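A short reminder: the numbers here are calculations on the coordinates, not readings from a lab. Computed from a predicted structure; not experimentally measured. Here the Cβ positions follow ideal geometry from the backbone for every residue, glycine too, while neighbour counts run over all protein chains shown.
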Amino acid sequence: MTHNISEKLFALTQRNSAVREMFEEGNRLAALYGRENVYDFSLGNPNFPAPKKVKDAVVDILDSEPSTMVHGYMSNAGFSDVRAAVAGSLNSRFGTSFNAQNIIMTVGAAGSLNVILKTLLNPGDEVVAIAPYFLEYGNYVANYDGVLTVVPPTSPDFQPDAEAIGKAVTPKTKALIINSPNNPTGVIYSEETIKKIAAVLEAKQKEYGHAIYILADEPYRELAYDGYEVPWLTKFYRNAIVSYSWSKSLSLPGERIGYLVIPAEADDSALIIDAAAIANRVMGFVNAPSLMQRVVMHCLDERTDIAAYDSNRKLLYKGLKDAGFECAYPQGAFYMWVKTPCDDKEFCARAKKYNILVVPGSSFACPGYVRIAYCVSPKTIEGSLPGFKKLAEEFSL
């Protein structure tokens, strides 16, 4: 059968995101049973409002700044004063020495990852991901004819195995993606783990005679509990490039605003910075949204109040454990990673009988688990617990 779309996009339509499919299923069930009777844990869409300072910044900017500044074009890399402010904020937090030239404003973390992958990859170049991983990484890499190589998961702590990463690296490897706090497990990769990975990659760079970049995907950086700290990767590895988004930290997922940090000490940094700005343009983004660039510049000192997430974490964890489920206690992000007593897709189908929507671990290259996004209202969690208890009873847990 012939079709009139690109082969690459046709393939993607055949394996559409399980997260998005569950989200659409949630909308369908809500129309049938009422939104309050559907317990949708599929999408990492924060249920909590943005800080008041975000609204105040929008109003102040619209009232006081010229329209051509607020709504106009700027350099593809973003407003220079915004980039300088981001660099200064990072320097004060992490003891770095970035300036505006090291920052590229992007259309969220997804935009920044696509920008840097387009900048770095030639057809056939390999990118290593550590399972379980955010399912879109494979699509992003394929966008630029790269090849995703997956390192198997380690359990029960899901800290990456540096030795296994070393085995996955080949002469064609261009980058390793590190996502911490991790989606879907909620694990924070420790400083010890990062140091081991950095040592392995340093050795591989020397062996193969070319740079291997760490792409640090960090939209959940601010969501860390119980005193856990998220290591800042450029302090441990010269060729680390950081991708960030305010989607989670300021509850702005639909505004699509983030940045890339490309340190001066990274190999070919000046060329990468120039190319990344061009990638912004040729990919059709042109630049990150102008109003939101100016808004986040005024909110750089805002810190996420994670108390509500923490309360949800404790409520859901206790409810699942009391029902008999085996699950890890998240250190960060807002996902519960739960071991399933049967095939994970079958578990999702059974859960749907109770209007509970979760995402199978096989979508994250780690079957036998499900991901539960607890960035929802407490009432959603409370309402779901009887259904989870009935599920547990089905399996005699």
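How compact is the range 160-238 by the rule of thumb for globular proteins, expressed as Cα Rg over 2.2 N^0.38 Å?
Values: Rg = 12.9 Å, N = 79, 2.2 N^0.38 = 11.6 Å.
Rg over 2.2 N^0.38 Å, computed on Cα atoms: 1.11.
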Review point. Using modelled backbone amide H atoms (1.01 Å from N, in-plane), which distant-in-sequence or interchain residues come within less than 5 Å of ILE178's amide H?
Key: LEU215, ALA216, ASP217
Practice item. Return a whole-number percent for the relative contact order of the chain, with Cα pairs under 8 Å and 6 or more residues apart as the contact set. Key: 23 percent
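Of all the Cα-Cα pairs you can form in the range 101-177, what percent are over 16 Å apart? Working shown, then result.
Details: 1522 of 2926 pairs.
Of all Cα-Cα pairs in the range 101-177, 52 percent lie more than 16 Å apart.
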Review point. Modelled label-to-label distance, SER80 and GLU394, 7 Å Cα→beta-carbon offset: nm?
Key: 6.1 nm
**Study point:** Amide proton proximity set for THR149, modelled H, under 5 Å, gap of 5+
**Key:** VAL127, VAL128, ALA129
Practice item. Please identify which residues in the range 234-265 have an amide N closer than 14 Å to a label point set 7 Å out from the Cα of LEU300, following the Cα→Cβ vector. Key: 259-261
Practice item. Give the span of the range 192-278's Cα atoms along each principal axis, as three whole-Å numbers ordered largest to smallest. Key: 43, 38, 16
Study note, to complete from the structure: Counting sequence-distant residues (5 or more places) and residues on other chains, those with an amide H built under 5 Å from that of THR106 are GLY258, TYR259, LEU260
**Study point:** Karplus 3J(HN,Hα) series, Hz, for the range 315-331 with 6.51 cos²θ - 1.76 cosθ + 1.60 (x for Gly, Pro)
**Key:** 4, 5, 4, 4, x, 5, 5, 4, 6, x, 7, 9, 8, 7, 7, x, 8
**Study point:** the range 202-315 - charge dipole about Cα centre, Lys and Arg +1 at Cβ, Asp and Glu -1, debye rounded to 20
**Key:** 220 debye
Check your understanding: Tell me, how many Å apart are the Cα centres for the range 185-199 and for the range 221-269?
Key -> 15 Å
Study note, to complete from the structure: Placing one equal point scatterer on each C-alpha of the range 284-344 and summing with Debye, one gets log10 I(q)/I(0) at q = 0.13 Å⁻¹ equal to -0.59
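Give me the number: length gained by fully extending GLU192 to MET69, i.e. 0.36 nm times residue separation minus the C-alpha to C-alpha distance, one decimal in nm.
Values: separation 123, 0.36 × 123 = 44.28 nm, distance 4.46 nm.
So the extension gain works out to 39.8 nm.
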Revision key, fill the gap. The range 64-122 and the range 35-61 have their Cα centres apart by a whole-number Å value of 23 Å
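So what is the 222 nm mean residue ellipticity for the chain from helices alone, if each DSSP H run of at least 4 adds -39500 (n - 2.57) and you divide by all residues, rounding to the nearest 500 deg cm²/dmol? Before the final figure, lay out the partial values.
On the way: 14 runs with 168 residues, N = 397.
Rounded to the nearest 500, the figure is -13000 deg cm²/dmol.
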Practice item. Step through the residues of the range 253-268 one at a time and calculate ³J(HN,Hα) from phi using the Karplus curve (6.51 cos²θ - 1.76 cosθ + 1.60, θ = phi - 60°), rounding each to whole Hz and writing x for Gly and Pro. Key: x, x, 7, 6, 9, x, 7, 10, 10, 10, x, 4, 7, 5, 4, 6
Exercise for review: Please name whichever of PRO153, VAL370, ALA349 sits farthest to the positive end of the charge dipole of the chain, dipole taken about the Cα centre and charges placed at Cβ: Lys and Arg +1, Asp and Glu -1.
Suggested key: ALA349
Exercise for review: Please state, as a whole number in µm²/s, the translational diffusion coefficient that the Stokes-Einstein equation yields for the range 52-297 at 4 °C and 1.567 mPa s, with Rh defined as the Kirkwood radius across alpha carbon pairs.
Suggested key: 70 µm²/s
Practice item. Could you check what % of the DSSP bridge pairs in the chain are antiparallel, to the nearest 5? Key: 50 percent
Review point. Whole-Hz Karplus ³J(HN,Hα) for the range 138-147, in order, using 6.51 cos²θ - 1.76 cosθ + 1.60 and θ = phi - 60°, x for Gly and Pro?
Key: x, 5, 4, 5, 5, 3, 10, 6, x, 10
